[in-house]
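Chemist: Below you'll find the structure I mean.
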Amino acid sequence: MVQRLAPAFLLALSISLPWQSVSAQFENGEKHYRQAAWSFYLQQPAQALETLQLAPEQDKRAQLLEAGLYLQLNMPQHATTLLEDLLLKAEKDQEALPQSLRNIALLQLARYQLELGDKPSAKRYLSAVSESDKGEWLGQQQLLNQLVNWPDISIPNKPDFTLLAMQPEMPYIVSNQALALARAQKSDIALQWLAQLKPRLNDTAQQSFWSALFSGQWRFLSQPEGFVYPAQERQALADYIGLTQAQLHIERQEFAAADVILANFAADSALSGTALSLYSHILTEQRHIPALLAVLQQQIKQQPFSQSAWQAATRIGEQLERALQPRDALGAYHWAEQYYEQQVQLIQQQARPLQVSQLQQGGSQWQQLQLSNDNNLHRLQQDVLALQQQLADAPIRQQRLAQLQQVTEFKLVQQQQLLRTQLPQLTTKLQQLQQQFSQLQQHIELAQQHPMDLALWQGQPYEQLSRLEQAEQRLPLLKQSGRDVQGYAQRLQRLRSLLQWQYSNTATERNWQRTKQLQILSELLSNTQQQLTALTLQGDQTARLQQVQHQLAQLSASQQQLNLALLSRQQQLLAELNQQLQQKLQQQLAGLTELKRHNKESMARVMEKVLLTADTTNSGATL
């Protein structure tokens, strides 16, 4: 199933939009988008989708990623709804996706629809792809157009190897054009194109750097002439091109040329079964009976439960019959009859309906063969297994959501408690500190203007200065009563001078203490103000926490619905898979029945010949 977004698609998603400030990005959900992209990279589409749904808002890029994740989770209805608005209806929107990104998404969606067998939808998406994308996706676009419009594809006058040189789809495009030429009765041109294509498959097994350096070939190390294919893909492409050439030679009755290609065909190739079938056809036409019998036996051994192996069982008897060996042919037909009965019993045993656990283990040999040979069955298998992986991870996601809900609830309760208790306490403390700070500032200013002010004195000096001032206030009263107060005045003056000397002697220390105390109060005031500001700001987070709590509740409910939808979808796909396997079973049993009937007719015909020969021999011996 090609539902996974292409790596280039994800790269384009990450670089397509203009850079913004970091704070603006994170405020607009960029953090959630990056976390979702990372989960996607880790092959965790459900967690990526969950992260996107937690974002406060989504831009076009995030919506496109969400649609791709829905496709990967095998929920095409949700994906189609999003993609219709993003790719087809919003072309004139100012906030529409960049053209290059739209083209990538349209090509991926067209490929997905094509694999589902929906060619009209695939054509519609391909028609929306812009032609002004500098040819970066030209190969993929041409290949998809060929697959959608096959066999009515456009054929150029000559293969455009130059334009498609760096496109990995180049050999597939040219080989399809060659097949279209062969269908148009131009097999000679098709063979020429295939012969030109085969040398252009660059091999990764290149000369080492030091060897190329000392041999003078170092100049050619920098730039390859075309796209360099991995070794396995290159070999598979070479096998396919060679097999296509052999098939065209057979259609042209050029059996010797086809024999040269097929005689050395790799036995471990994925196309070895088709190569054996073509080779047996050539040997039949050339009447190489011993070699043909060996090939037929090899087909039966290497291709169990295949139509070619079942036909080979009867063809062994037919070739022996053509070689005028009726007794050997009769034995071969008897063996084919037993072989067919054995195949019917094995197929019926191995074709029982599959469960998910059996599908994870691979199934029986017959089921594995059907799943590997049929693209639709293989896609259904991959879909079921992908959904099973998501369902297996569902409890972990549900537990994670429950933990997030608990943390959010704890933070919300803690926030409300802080606002009810600490906010009033900090407010009161701040007011007290501000009052103390103001008083201390006044004392410092007063000490600078009136050093002997009574308000600045404390402790025993304060009591002494108070008593001195009271005595000085009583002097005028004593003087009015006629008493001599000159001695008292001189004594009080000496006491004031003494107190002033004591005050002046400790003034510096007292000023330093007041300044130090003012500094401490200033720091306490600043810290308290910061705590109060932080707590006030946290009070504004209550609405956000409540919003997150609501989102988590909705996400938990949607997660449960998603799990139910995934389970239902998995059961539907599994039922469809078993239904198609049963159809394959009935078709193959019908084919085996027809082969058994044909084999019995051939066996009766040969037996009749053997009996006639025996009767003739006995009659001659009697005479």
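Derivation of every value follows stated rules applied to the coordinates shown; laboratory data play no part. Note that the structure is a prediction, hence the values are computed from the model and not measured. Counting neighbours? That spans all protein chains shown, and the Cβs are built from the backbone with ideal geometry, glycine included.
Chemist: Calculate, in nm to one decimal, what Phe161 and Ser481 gain on full extension: separation in residues at 0.36 nm each, minus their alpha carbon distance.
Modeler: Separation in residues times 0.36 nm, less the Cα-Cα distance, equals 101.9 nm.
Chemist: Given R₀ = 56 Å, FRET efficiency for Leu82-Leu271 by Cβ-Cβ distance, to 0.05?
Modeler: 0.90
Chemist: Further question on the same structure: Taking the Cα-to-Cβ direction at Gln425 and at Asp374 and moving 7 Å from each Cα, how far apart do the two end points lie in nm?
Modeler: 7.3
Chemist: What shape does region 242-307 take by its C-alpha gyration tensor, where a ≥ b ≥ c are the square roots of the eigenvalues and a/c under 1.5 counts as rounded, a/b above b/c as prolate, and the rest as oblate?
Modeler: Oblate, since a/c reaches 1.5 and b/c is not below a/b.
Chemist: Just to be sure I understand the model, the point goes 7 Å from the Cα along the line to the Cβ. What's the resulting Ser438 to Arg327 distance in nm?
Modeler: Output for this residue pair reads 13.0 nm.
Chemist: So the label point goes 7 Å from the Cα of Leu346 along Cα→C-beta, right? Which residues of region 363-382 then have their backbone N under 20 Å from it?
Modeler: 363-374
Chemist: Work out, step by step, the length gained on full extension between Gln53 and Gln571: first 0.36 nm times the residue separation, then minus their alpha carbon distance; give nm to one decimal.
Modeler: Net length gain for the segment: 183.9 nm.
Chemist: Still on this structure, please answer the following. If I take R0 = 51 Å and measure r between the Cβ atoms of Phe410 and Gln382 in this structure, what FRET efficiency does the formula 1/(1 + (r/R0)^6) give, to the nearest 0.05?
Modeler: Using R0 = 51 Å, I get an efficiency of 0.75.
Chemist: Kirkwood Rh, Cα Rg: Rg to Rh for region 324-397?
Modeler: Across region 324-397, the Cα-based Rg/Rh ratio is 1.29.
Chemist: Could you sort the peptides 104-114, 355-365 by per-residue average Cβ neighbour count (10 Å cutoff), highest mean leading?
Modeler: 104-114, 355-365
Chemist: Quick one: the Cα spread of region 50-201 along its three principal axes, in angstroms, biggest first?
Modeler: 62, 29, 27
Chemist: Distance between the C-alpha centers of region 231-256 and region 163-193? Whole Å please.
Modeler: 13
Chemist: Distances longer than 15 Å among the Cα atoms of region 564-618: what percent of all pairs is that?
Modeler: Summing the P(r) tail past 15 Å for region 564-618 gives 69 percent.
Chemist: Can you tell me how much longer the chain between His288 and Asp152 gets when fully stretched, taken as 0.36 nm per residue apart minus their C-alpha distance, in nm with one decimal?
Modeler: 45.1 nm
Chemist: Normalized C-alpha radius of gyration of region 542-594, against 2.2 N^0.38 Å?
Modeler: Its radius of gyration relative to the 2.2 N^0.38 Å reference: 2.27.
Chemist: Still on this structure: Note down the nm distance, to one decimal, between modelled labels 7 Å out along Cα→Cβ at Trp38 and at His334.
Modeler: 7.3
Chemist: Mind giving me the FRET efficiency for Trp512 and Arg474? R0 is 30 Å, r the Cβ-Cβ distance, nearest 0.05 is fine.
Modeler: The computed FRET efficiency comes out at 0.25.
Chemist: Need the list of lysines near Lys600 for cross-linking: C-alpha distance under 30 angstrom, and skip anything on the same chain fewer than eight residues off.
Modeler: Partners found: Lys301, Lys584, Lys609.
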